[in-house]
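To start, the structure itself, in structure tokens.
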Amino acid sequence: MIPTTPPLADLPEPTGAAPPERAALHWYLRLVRHHLGRGPYLDVAGAGGALLAGLARLGPASGLAGSEAEAERTRAGAPGCPVHLSLDALPGPVASLTAVEVLDRLPDPALAGDLGPGGWFRALEPGGHALVVAADAEGRGRELAGARWVPPRVPRGHLRIREILVAAGFEIVREGSDGLTRGPYGGIPTWADPRLAATRAQRSAGRLTCEAGSGERAVIIARRPPAP
């Protein structure tokens, strides 16, 4: 039996650079529980350790960081969870992996490294699943924001993100978006904007129901193919 997703009020306050806000964090954990299963989990380059701490409530969880400073921040946000600096330090392959906004700051030459999709593929056991979240430079959110849209360090559209995962060997199990999560859009208050109804319904259900390209971020469930 898979443990219950931690209540929103029980989740740690995210700390560190560019952490997910709490409602998004809770939704990510519900997606993990529904699509990825029990674990063991590996959270890649998680900002501040908030997601890693939530994963540890669902099953065995560890982190992968790109530097000792990042590892220290992650350990501080997820006490008791091991955080490694390379895939070689992992005790073995994992069943589930999360990579939230990692592609936003990872240039193309680093995609094959430990922190990129090439590393994710190597870290997963055959048949293992990954939750990948990245800003969508071709999404509806950017269109509505116009000149106010703030690009990530490495902007990519959802089609390119999908292409990168497939090139690394992944199968795409499910593809969607986080919806319109950064309102207000066009001066309409968020509570009165009917365009946000699908986003609210998706988060309330804890599922991935918004179509790819319809929001701010691409959200993809990918799988390393099972062994023949």
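The values are calculated or read from the model by the stated rules, or taken from the named source; none is laboratory data. Small disclaimer: the values here were computed from a predicted structure and weren't measured. Positions of Cβ are generated from backbone atoms using ideal geometry, with glycine treated the same way; all protein chains shown enter the neighbour counts.
Worth pointing out:
- Matching residues in the stretch 178-197 - criterion: being at pLDDT 95 or above and either more than 20 Å from the chain's Cα centre (by Cα) or not in a loop (DSSP other than H, G, I, E, B) (or both): none
- Residues in the stretch 41-53 that are charged (D, E, K, R) and part of a helix (DSSP H, G or I): none.
- Gly169 vs. criteria in a loop (DSSP other than H, G, I, E, B), farther than 30 Å from His84 by Cα and touching a Lys or Arg at 6+ places or on another chain (Cβ under 8 Å): no
- Single match in Ala71, Ala76, Ala89, Ala145 (criterion: more than 19 Å from the chain's Cα centre (by Cα) and free of Cβ contacts under 8 Å to residues at least 40 places away in the same chain): Ala89
- Number of the condition not met by Val154 [criteria: (1) touching a helix residue (DSSP H, G or I) at 6+ places or on another chain (Cβ under 8 Å); (2) surrounded by fewer than 18 Cβ atoms within 10 Å (Cβ to Cβ); (3) under 20 Å from Ala222 (Cα atoms); (4) without any contact (Cβ under 8 Å) to a residue 60 or more places away in the chain]: (3)
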